[in-house]
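Working notes, structure below.
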Amino acid sequence: MFVRFAGCGVGCAYCDTLTEAWDEMSPDEVLYRIRDIVHYAHSVVFTGGEPLRQHDAVGVLAGALKDMGRPVFLETNGILFEAFESVKDVIDIVAMDIKLPSVTRTKPFWDEHHRFLKSARRHDVFVKAVVSSQVEEADLVRTAQLVAAVDPAIPLFLQPVHGDGELTLETVRWMFDTCVQYLRDVRYVAQMHKHLAIP
């Protein structure tokens, strides 16, 4: 089950999140909506936007869901490490993005990512990096080195921007080969929700 939080603040060039289609709700209202159907879900995913921009609500919701026996899965841009510190005890799984400046076309967040991953390493954690035909080798290397400096066994998922017609299999292989020099577990995964036309 997905609970999508509005707002992010990074502004990635490839962002596909609808920013107008959301309803403002309190944590109690969210829990009311999901309480009757949460038993069908293996876990509950907090995604966004960026859930940690509303870390107080994340803490309330995650605590209630854990009381219901549901694992909580956090998808995050991996920047707000102080907010994560305030809720990490009620989070089970962390999917942390590393924002590659050559792909996002934003400022780099290397220091924030490093601090966040160090804080998240005691969780079931994996790292995701969205890639495109515009990715620079320096960004790939720095990403792999950053993860390896925390733990080379942390999985790194390379996820291509959907619809990038210039991204070739040769480029994909080069990305994989670059990262696997530093990490034990590198994977390449498509944005399946895009292929299945799920918004």
- Expressed as a whole-number percentage, the relative contact order of the chain with C-alpha contacts under 8 angstrom and at least six residues apart is 16
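Among the trypsin sites (Lys or Arg not before Pro) in region 89-141, which ones are in a DSSP loop with at most 16 other Cβ atoms within 10 Å of the Cβ? Mind listing them? Working shown, then result.
Numbers: sites: K99, R105, R115, K118, R121, R122, K128; in loops: K99, R105, R121, R122.
Passing sites in region 89-141 are R105, R121, R122.
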- Query: Can you give the calculated 222 nm mean residue ellipticity of the chain, where each DSSP H run of n ≥ 4 adds -39,500 (n - 2.57) and the sum is split over every residue, rounded to the nearest 500 deg cm²/dmol?
  - Reply: -10500 deg cm²/dmol
- Note on the structure: Residues whose modelled amide H sits under 5 Å from the amide H of Y188, counting only those 5 or more places away in sequence or on another chain, are L158
- Task: For region 2-195, please report how many Lys pairs fall under 18 Å Cα to Cα, leaving out neighbours fewer than 8 apart on the same chain.
- Result: 8
- Charged-residue dipole, Cβ positions (Lys, Arg, Asp, Glu), region 2-195 about Cα centre, Debye nearest 20: 380
- Note on the structure: Relative to the chain, whose Cα atoms define the longest principal axis, helix 137-150 and its Cα axis are tilted in degrees, nearest 10, by 50
- Rounded to whole Hz, the Karplus (6.51, -1.76, 1.60) HN-Hα couplings of region 156-162, x for glycine and proline: 10, 9, 8, 10, x, 4, 5
- Projected onto the charge dipole of region 105-199 (+1 at Lys/Arg Cβ, -1 at Asp/Glu Cβ, origin at the Cα centre), which of M175, A120, V130 gives the Cα projection farthest towards the positive end? A120
- In degrees, nearest ten, helix 169-180 long axis to first principal axis of the chain (Cα): 80
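Starting from region 76-155, pick out the GluC sites (Glu not before Pro) whose DSSP state is loop and whose Cβ has at most 14 other Cβ atoms within 10 Å. List each step's numbers first, then the result.
Details: sites: E82, E85, E112, E136, E137; in loops: E136.
Listed in order of number, the matching sites are E136.
For an R0 of 30 angstrom, estimate the FRET efficiency from the Cβ-Cβ distance between D28 and D92 and round to the nearest 0.05.
Details: r = 22 Å, r/R0 = 0.74.
The calculated FRET efficiency here is 0.85.
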- Message: Just checking my list (i) 60, 39, 31; (ii) 44, 36, 34; (iii) 48, 34, 30 against Cα extents along the principal axes in Å computed from this structure; which label fits?
- Response: (iii)
- Query: Amide H to amide H, which residues 5 or more places from V94 or on other chains are under 5 Å from it, using H placed in the peptide plane?
  - Reply: L74, D124, V125, F126
- Task: List, in order, the whole-Hz ³J(HN,Hα) value for each residue of region 39-49 obtained from phi through the Karplus relation with A = 6.51, B = -1.76, C = 1.60 and θ = phi - 60°; use x for Gly and Pro.
- Result: 5, 7, 9, 5, 7, 10, 9, 8, 9, x, x
- Query: Tell me, what HN-Hα J-couplings in whole Hz come from the Karplus equation 6.51 cos²θ - 1.76 cosθ + 1.60 at θ = phi - 60° for each residue of region 52-69, using x for Gly and Pro?
  - Reply: 6, 5, 10, 5, 4, 5, 4, x, 5, 5, 5, x, 5, 5, 5, 5, 7, x
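Computed from the coordinates by the stated procedures, all read-outs in this text should not be read as laboratory data. Keep in mind that this is a model prediction, so the values were computed, not measured. Positions of Cβ are generated from backbone atoms using ideal geometry, with glycine treated the same way; all protein chains shown enter the neighbour counts.
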